[in-house]
Amino acid sequence: MAGAASLDAVRRGGKVALAQALSDLESAPDARATLSLLDAAYHAPKGHVIGLTGPPGVGKSTLAAALVRHWRSMGESVGVVAVDPSSKIGGGSLLGDRMRMAANPEDQNLFIRSMAAGGQLGGLSESAFPAIILMRALFDRVLVETVGVGQSETDISGVADSVVFCVQPGSGDSLQFMKSGIMEVPDMFVVTKADLGDMAAKAVADLEGALSLRLHPGDWDAKVLQVSTLDPGLGIGPLIAALDAHEHWLKTQGRRDLKRRDQMRSWGHTNLLLHIGRDGLAALSEKSLRQLDGETPFQSLYQLRISVQFQSRETPSSPD
Ligand SMILES: Nc1nc2c(ncn2[C@@H]2O[C@H](COP(=O)(O)OP(=O)(O)OP(=O)(O)O)[C@@H](O)[C@H]2O)c(=O)[nH]1
Ligand SMILES: [Mg+2]
(Lines give C-alpha, C1' and ligand atoms only; values in the text may rest on other atoms or scores of the structure.)
(Ligands and ions follow the chains in the order given, each with its own letter.)
Protein backbone atom coordinates (compact mmCIF):
# COMPACT_ATOMS: atom_id res chain seq x y z
CA MET A 1 0.00 0.00 0.00
CA ALA A 2 1.34 3.41 -0.95
CA GLY A 3 0.11 5.18 2.22
CA ALA A 4 -0.31 8.89 2.71
CA ALA A 5 2.07 11.29 0.98
CA SER A 6 4.22 13.91 2.66
CA LEU A 7 2.89 17.44 3.06
CA ASP A 8 5.21 18.65 0.30
CA ALA A 9 3.99 15.93 -2.03
CA VAL A 10 0.37 16.90 -1.32
CA ARG A 11 1.23 20.55 -2.00
CA ARG A 12 2.89 19.63 -5.28
CA GLY A 13 0.20 17.16 -6.30
CA GLY A 14 -2.64 19.71 -6.20
CA LYS A 15 -6.29 18.77 -5.89
CA VAL A 16 -5.80 15.14 -6.97
CA ALA A 17 -3.19 14.55 -4.26
CA LEU A 18 -5.32 16.28 -1.64
CA ALA A 19 -8.40 14.23 -2.55
CA GLN A 20 -6.29 11.07 -2.20
CA ALA A 21 -4.82 12.19 1.13
CA LEU A 22 -8.31 12.91 2.49
CA SER A 23 -9.51 9.48 1.39
CA ASP A 24 -6.49 7.87 3.07
CA LEU A 25 -7.26 9.84 6.19
CA GLU A 26 -10.81 8.48 6.24
CA SER A 27 -9.95 4.89 5.38
CA ALA A 28 -6.72 4.51 7.38
CA PRO A 29 -6.77 7.20 10.09
CA ASP A 30 -4.11 5.42 12.17
CA ALA A 31 -1.62 4.68 9.41
CA ARG A 32 1.82 5.97 10.35
CA ALA A 33 2.10 8.04 7.16
CA THR A 34 -1.32 9.63 7.78
CA LEU A 35 -0.37 10.58 11.34
CA SER A 36 2.94 12.12 10.31
CA LEU A 37 1.23 14.03 7.47
CA LEU A 38 -1.23 15.45 10.02
CA ASP A 39 1.55 16.37 12.46
CA ALA A 40 3.37 18.21 9.68
CA ALA A 41 0.16 19.99 8.63
CA TYR A 42 -0.66 20.90 12.23
CA HIS A 43 2.65 22.73 12.59
CA ALA A 44 2.44 24.46 9.20
CA PRO A 45 -0.84 26.35 9.34
CA LYS A 46 -1.37 28.65 6.39
CA GLY A 47 -4.97 29.81 6.30
CA HIS A 48 -7.83 30.96 8.44
CA VAL A 49 -10.73 28.57 9.16
CA ILE A 50 -14.25 29.98 8.96
CA GLY A 51 -17.28 28.03 10.13
CA LEU A 52 -20.55 28.92 8.45
CA THR A 53 -23.44 27.48 10.36
CA GLY A 54 -27.19 27.86 10.81
CA PRO A 55 -30.42 25.95 10.24
CA PRO A 56 -31.24 24.12 6.98
CA GLY A 57 -32.26 26.41 4.13
CA VAL A 58 -31.06 29.63 5.78
CA GLY A 59 -28.78 30.38 2.82
CA LYS A 60 -25.39 29.07 3.94
CA SER A 61 -24.32 27.53 0.63
CA THR A 62 -25.39 30.54 -1.39
CA LEU A 63 -23.47 32.79 0.99
CA ALA A 64 -20.50 30.42 0.91
CA ALA A 65 -20.44 30.67 -2.88
CA ALA A 66 -20.46 34.49 -2.65
CA LEU A 67 -17.58 34.48 -0.15
CA VAL A 68 -15.62 32.05 -2.29
CA ARG A 69 -16.12 34.25 -5.38
CA HIS A 70 -14.83 37.24 -3.44
CA TRP A 71 -11.75 35.46 -2.08
CA ARG A 72 -10.90 33.95 -5.46
CA SER A 73 -11.20 37.37 -7.09
CA MET A 74 -8.63 38.58 -4.54
CA GLY A 75 -6.32 35.74 -5.57
CA GLU A 76 -6.78 33.77 -2.33
CA SER A 77 -6.92 29.98 -2.43
CA VAL A 78 -9.96 28.38 -0.80
CA GLY A 79 -10.83 24.94 0.56
CA VAL A 80 -14.47 24.22 1.33
CA VAL A 81 -15.80 21.46 3.58
CA ALA A 82 -19.55 20.89 3.37
CA VAL A 83 -20.79 18.72 6.23
CA ASP A 84 -23.86 16.75 5.27
CA PRO A 85 -26.30 15.82 8.01
CA SER A 86 -26.22 12.00 8.30
CA SER A 87 -29.94 11.81 7.59
CA LYS A 88 -29.40 13.21 4.10
CA ILE A 89 -26.80 10.66 3.06
CA GLY A 90 -28.16 8.34 0.44
CA GLY A 91 -31.10 10.56 -0.36
CA GLY A 92 -31.63 14.12 -1.45
CA SER A 93 -28.92 16.38 -2.70
CA LEU A 94 -25.67 16.94 -0.90
CA LEU A 95 -24.81 20.31 0.56
CA GLY A 96 -21.64 20.54 -1.49
CA ASP A 97 -23.53 20.32 -4.77
CA ARG A 98 -24.67 23.92 -4.95
CA MET A 99 -21.12 25.07 -4.39
CA ARG A 100 -19.73 22.63 -6.89
CA MET A 101 -22.14 23.72 -9.57
CA ALA A 102 -20.93 27.28 -9.20
CA ALA A 103 -17.24 26.34 -9.18
CA ASN A 104 -14.88 26.02 -12.09
CA PRO A 105 -13.45 22.48 -11.95
CA GLU A 106 -10.25 23.73 -13.62
CA ASP A 107 -9.55 26.12 -10.74
CA GLN A 108 -6.65 24.53 -8.82
CA ASN A 109 -7.05 27.07 -6.04
CA LEU A 110 -10.59 26.07 -5.11
CA PHE A 111 -11.19 22.66 -3.57
CA ILE A 112 -14.58 21.43 -2.36
CA ARG A 113 -15.14 18.36 -0.22
CA SER A 114 -18.38 16.92 1.18
CA MET A 115 -18.16 15.02 4.44
CA ALA A 116 -20.75 13.09 6.40
CA ALA A 117 -21.77 14.43 9.79
CA GLY A 118 -21.07 12.58 13.00
CA GLY A 119 -23.71 11.07 15.27
CA GLN A 120 -25.86 14.02 16.18
CA LEU A 121 -27.28 16.49 13.72
CA GLY A 122 -24.63 19.04 13.00
CA GLY A 123 -21.90 17.20 14.87
CA LEU A 124 -18.73 16.69 12.91
CA SER A 125 -17.45 13.24 12.04
CA GLU A 126 -14.24 11.87 13.49
CA SER A 127 -12.32 12.65 10.32
CA ALA A 128 -13.52 16.27 9.97
CA PHE A 129 -10.95 17.72 12.38
CA PRO A 130 -7.91 16.08 10.73
CA ALA A 131 -9.27 16.94 7.27
CA ILE A 132 -9.55 20.60 8.25
CA ILE A 133 -6.06 20.58 9.80
CA LEU A 134 -4.69 19.30 6.49
CA MET A 135 -6.62 21.84 4.42
CA ARG A 136 -5.56 24.64 6.78
CA ALA A 137 -1.96 23.94 5.78
CA LEU A 138 -2.77 24.26 2.08
CA PHE A 139 -5.27 27.09 1.54
CA ASP A 140 -5.54 30.76 2.47
CA ARG A 141 -9.14 30.20 3.54
CA VAL A 142 -10.91 27.07 4.73
CA LEU A 143 -14.69 27.42 4.82
CA VAL A 144 -16.70 24.81 6.69
CA GLU A 145 -20.48 24.68 6.15
CA THR A 146 -22.49 22.78 8.73
CA VAL A 147 -25.98 22.96 10.21
CA GLY A 148 -25.07 22.67 13.88
CA VAL A 149 -23.54 25.08 16.32
CA GLY A 150 -22.51 24.15 19.82
CA GLN A 151 -19.77 24.18 22.34
CA SER A 152 -18.33 20.72 22.03
CA GLU A 153 -15.26 19.70 20.10
CA THR A 154 -17.46 17.82 17.66
CA ASP A 155 -19.18 21.10 16.80
CA ILE A 156 -17.97 23.88 14.57
CA SER A 157 -16.40 25.81 17.46
CA GLY A 158 -14.00 22.88 17.90
CA VAL A 159 -12.46 23.40 14.46
CA ALA A 160 -13.09 26.95 13.26
CA ASP A 161 -11.12 30.11 14.04
CA SER A 162 -14.16 32.28 13.27
CA VAL A 163 -17.75 31.10 13.62
CA VAL A 164 -20.52 32.78 11.60
CA PHE A 165 -24.09 31.92 12.53
CA CYS A 166 -26.75 32.53 9.86
CA VAL A 167 -30.29 33.49 10.84
CA GLN A 168 -33.28 33.57 8.51
CA PRO A 169 -35.62 36.56 8.83
CA GLY A 170 -39.01 35.69 10.33
CA SER A 171 -38.05 32.16 11.27
CA GLY A 172 -37.92 32.64 15.03
CA ASP A 173 -34.36 31.27 15.03
CA SER A 174 -33.03 34.24 16.88
CA LEU A 175 -35.51 33.76 19.72
CA GLN A 176 -34.82 30.05 19.96
CA PHE A 177 -31.18 30.83 19.92
CA MET A 178 -31.38 33.15 22.88
CA LYS A 179 -33.14 30.44 24.87
CA SER A 180 -30.74 27.70 23.96
CA GLY A 181 -27.83 29.41 25.67
CA ILE A 182 -25.34 29.05 22.85
CA MET A 183 -25.36 32.74 22.11
CA GLU A 184 -21.76 32.72 23.33
CA VAL A 185 -20.39 30.62 20.51
CA PRO A 186 -20.62 32.65 17.27
CA ASP A 187 -18.21 35.47 16.53
CA MET A 188 -20.63 36.94 14.05
CA PHE A 189 -24.34 36.78 13.30
CA VAL A 190 -25.55 37.14 9.76
CA VAL A 191 -29.20 37.74 8.93
CA THR A 192 -29.58 36.24 5.47
CA LYS A 193 -32.05 37.18 2.73
CA ALA A 194 -31.92 40.84 3.75
CA ASP A 195 -33.93 41.55 0.57
CA LEU A 196 -36.94 40.43 2.65
CA GLY A 197 -36.99 43.93 4.18
CA ASP A 198 -38.79 44.49 7.50
CA MET A 199 -38.47 40.91 8.63
CA ALA A 200 -34.71 41.10 8.21
CA ALA A 201 -34.55 44.37 10.16
CA LYS A 202 -36.57 42.75 12.98
CA ALA A 203 -34.21 39.76 13.11
CA VAL A 204 -31.24 42.15 13.36
CA ALA A 205 -32.89 44.05 16.22
CA ASP A 206 -33.74 40.81 18.07
CA LEU A 207 -30.18 39.56 17.78
CA GLU A 208 -28.67 42.87 18.82
CA GLY A 209 -30.94 42.86 21.88
CA ALA A 210 -29.78 39.38 22.83
CA LEU A 211 -26.15 40.25 22.20
CA SER A 212 -26.27 43.24 24.54
CA LEU A 213 -26.47 40.66 27.35
CA ARG A 214 -23.22 39.15 26.23
CA LEU A 215 -20.72 41.49 27.76
CA HIS A 216 -17.23 40.29 28.38
CA PRO A 217 -14.73 43.10 28.86
CA GLY A 218 -11.70 42.65 26.62
CA ASP A 219 -13.47 40.03 24.55
CA TRP A 220 -14.37 40.16 20.87
CA ASP A 221 -17.42 42.32 20.23
CA ALA A 222 -19.70 40.07 18.15
CA LYS A 223 -21.46 41.88 15.33
CA VAL A 224 -24.82 41.42 13.63
CA LEU A 225 -24.74 41.86 9.86
CA GLN A 226 -27.23 41.48 7.04
CA VAL A 227 -26.59 39.98 3.66
CA SER A 228 -28.50 39.29 0.48
CA THR A 229 -27.02 37.13 -2.21
CA LEU A 230 -29.68 38.10 -4.75
CA ASP A 231 -28.21 40.20 -7.52
CA PRO A 232 -26.71 42.81 -6.96
CA GLY A 233 -25.96 41.45 -3.50
CA LEU A 234 -25.87 43.27 -0.19
CA GLY A 235 -23.57 43.17 2.79
CA ILE A 236 -20.92 40.80 1.43
CA GLY A 237 -18.21 43.51 1.63
CA PRO A 238 -18.99 44.33 5.29
CA LEU A 239 -19.05 40.60 6.13
CA ILE A 240 -15.62 40.13 4.54
CA ALA A 241 -14.36 43.16 6.48
CA ALA A 242 -15.78 41.79 9.74
CA LEU A 243 -14.14 38.42 9.10
CA ASP A 244 -10.81 40.12 8.44
CA ALA A 245 -11.21 42.16 11.64
CA HIS A 246 -11.89 39.02 13.66
CA GLU A 247 -8.91 37.25 12.15
CA HIS A 248 -6.73 40.25 13.00
CA TRP A 249 -8.09 40.37 16.55
CA LEU A 250 -7.44 36.66 17.03
CA LYS A 251 -3.89 36.98 15.81
CA THR A 252 -3.08 39.71 18.30
CA GLN A 253 -1.43 38.37 21.43
CA GLY A 254 -1.36 34.92 19.91
CA ARG A 255 -5.02 34.24 20.58
CA ARG A 256 -5.47 32.23 17.40
CA ASP A 257 -2.57 29.91 18.23
CA LEU A 258 -3.93 29.38 21.73
CA LYS A 259 -7.38 28.65 20.37
CA ARG A 260 -5.96 26.10 17.96
CA ARG A 261 -3.95 24.43 20.70
CA ASP A 262 -7.10 24.14 22.83
CA GLN A 263 -8.97 22.69 19.85
CA MET A 264 -6.25 20.06 19.37
CA ARG A 265 -6.37 19.20 23.06
CA SER A 266 -10.16 18.94 23.16
CA TRP A 267 -10.33 16.90 20.01
CA GLY A 268 -7.58 14.63 21.37
CA HIS A 269 -9.50 14.05 24.59
CA THR A 270 -12.69 13.26 22.70
CA ASN A 271 -10.80 10.90 20.45
CA LEU A 272 -9.29 9.13 23.46
CA LEU A 273 -12.68 8.88 25.12
CA LEU A 274 -14.08 7.32 21.99
CA HIS A 275 -11.32 4.75 21.64
CA ILE A 276 -10.25 3.88 25.19
CA GLY A 277 -13.24 5.04 27.24
CA ARG A 278 -13.44 7.01 30.42
CA ASP A 279 -11.40 4.53 32.47
CA GLY A 280 -8.68 4.53 29.86
CA LEU A 281 -8.57 8.31 29.82
CA ALA A 282 -8.43 8.41 33.62
CA ALA A 283 -5.46 6.02 33.54
CA LEU A 284 -3.42 8.54 31.55
CA SER A 285 -1.27 10.99 33.47
CA GLU A 286 -1.46 14.76 33.02
CA LYS A 287 2.09 14.61 31.75
CA SER A 288 1.32 12.13 29.02
CA LEU A 289 -1.73 14.15 27.95
CA ARG A 290 0.51 17.19 27.54
CA GLN A 291 2.01 15.44 24.53
CA LEU A 292 -1.07 16.74 22.71
CA ASP A 293 0.56 20.19 22.91
CA GLY A 294 3.82 18.91 21.50
CA GLU A 295 5.53 18.38 18.17
CA THR A 296 3.60 15.29 17.12
CA PRO A 297 0.10 15.49 18.58
CA PHE A 298 -1.48 13.02 16.16
CA GLN A 299 1.23 10.38 16.54
CA SER A 300 1.23 10.89 20.32
CA LEU A 301 -2.51 10.47 20.45
CA TYR A 302 -2.22 7.13 18.70
CA GLN A 303 0.60 6.03 21.03
CA LEU A 304 -1.47 6.97 24.07
CA ARG A 305 -4.36 4.87 22.82
CA ILE A 306 -2.11 1.91 22.17
CA SER A 307 -0.42 2.21 25.57
CA VAL A 308 -3.75 2.05 27.42
CA GLN A 309 -5.06 -0.80 25.31
CA PHE A 310 -1.82 -2.69 25.91
CA GLN A 311 -1.94 -2.11 29.68
CA SER A 312 -5.52 -3.29 29.91
CA ARG A 313 -4.57 -6.52 28.13
CA GLU A 314 -1.67 -7.03 30.56
CA THR A 315 -3.82 -6.52 33.64
CA PRO A 316 -5.43 -9.80 34.75
CA SER A 317 -9.20 -9.44 34.97
CA SER A 318 -9.46 -11.38 38.27
CA PRO A 319 -6.93 -12.67 40.82
CA ASP A 320 -6.27 -16.46 40.85
N1 LIG B 1 -34.54 35.93 -1.18
C2 LIG B 1 -33.36 35.34 -0.99
N3 LIG B 1 -33.25 33.99 -1.08
C4 LIG B 1 -32.05 33.42 -0.84
C5 LIG B 1 -30.90 34.18 -0.51
N6 LIG B 1 -29.86 33.33 -0.29
C7 LIG B 1 -30.33 32.09 -0.48
N8 LIG B 1 -31.65 32.12 -0.82
C9 LIG B 1 -32.52 30.97 -1.13
O10 LIG B 1 -32.67 30.15 0.03
C11 LIG B 1 -32.71 28.78 -0.31
C12 LIG B 1 -31.70 27.99 0.50
O13 LIG B 1 -30.40 28.42 0.17
P14 LIG B 1 -29.11 27.54 0.49
O15 LIG B 1 -27.95 28.41 0.22
O16 LIG B 1 -29.19 26.23 -0.19
O17 LIG B 1 -29.30 27.32 2.04
P18 LIG B 1 -28.47 26.36 3.02
O19 LIG B 1 -28.48 27.00 4.35
O20 LIG B 1 -27.15 26.04 2.44
O21 LIG B 1 -29.36 25.06 3.02
P22 LIG B 1 -28.93 23.58 3.48
O23 LIG B 1 -27.55 23.35 2.98
O24 LIG B 1 -29.95 22.69 2.85
O25 LIG B 1 -29.01 23.58 4.98
C26 LIG B 1 -32.46 28.70 -1.81
O27 LIG B 1 -33.69 28.55 -2.47
C28 LIG B 1 -31.83 30.04 -2.13
O29 LIG B 1 -32.08 30.47 -3.45
C30 LIG B 1 -31.05 35.61 -0.44
O31 LIG B 1 -30.11 36.37 -0.16
N32 LIG B 1 -32.29 36.12 -0.67
MG1 LIG C 1 -26.15 24.29 2.07
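The values are calculated or read from the model by the stated rules, or taken from the named source; none is laboratory data. Just so you know, these numbers come straight off a predicted model, no measurement behind them. Positions of Cβ are generated from backbone atoms using ideal geometry, with glycine treated the same way; all protein chains shown enter the neighbour counts. Areas reflect the complete protein model, heavy atoms only, side chains present, ligands, DNA and RNA absent. Shrake-Rupley method; radii C 1.70, N 1.55, O 1.52, S 1.80 Å.
Odds and ends about this structure:
- Charges were assigned to the Cβ only: +1 to each Lys and Arg, -1 to each Asp and Glu. The resulting dipole of the stretch 14-85 about its Cα centre is roughly 340 debye.
- Estimated distance in nm for a label pair at Lys251 and Asp221, the labels positioned 7 Å out from Cα along Cα-to-Cβ: 2.1 nm
- Sulfur and carbon atoms: percent of accessible area, the stretch 258-311 [1.4 Å]: 53 percent
- Label-point gap, in nm, between Ala19 and Asp195 - each point 7 angstrom along Cα→Cβ: 3.3 nm
- Divided by 2.2 N^0.38 Å, where N counts the residues, the Cα radius of gyration of the stretch 258-311 comes to 1.03.
- Using R0 = 25 Å, the C-beta based FRET efficiency linking Arg265 and Ser6 works out to 0.45.
- Cα gyration tensor, the stretch 183-303 - rounded (a/c under 1.5), prolate or oblate: prolate
- Table column - 3J(HN,Hα) (Hz), the stretch 131-136, Karplus curve with 6.51, -1.76, 1.60, x for Gly and Pro: 4, 6, 4, 5, 5, 5
- Database remark: amide H of Ile112 closer than 5 angstrom to the amide H of Val80 (H placed geometrically; neighbours at sequence offset of 5 or more, or on other chains; Pro and chain starts carry no H).
- Bridging of Lys251 to aspartates and glutamates at a Cα separation below 13 Å is possible for Asp161, once same-chain residues fewer than 8 apart are set aside.
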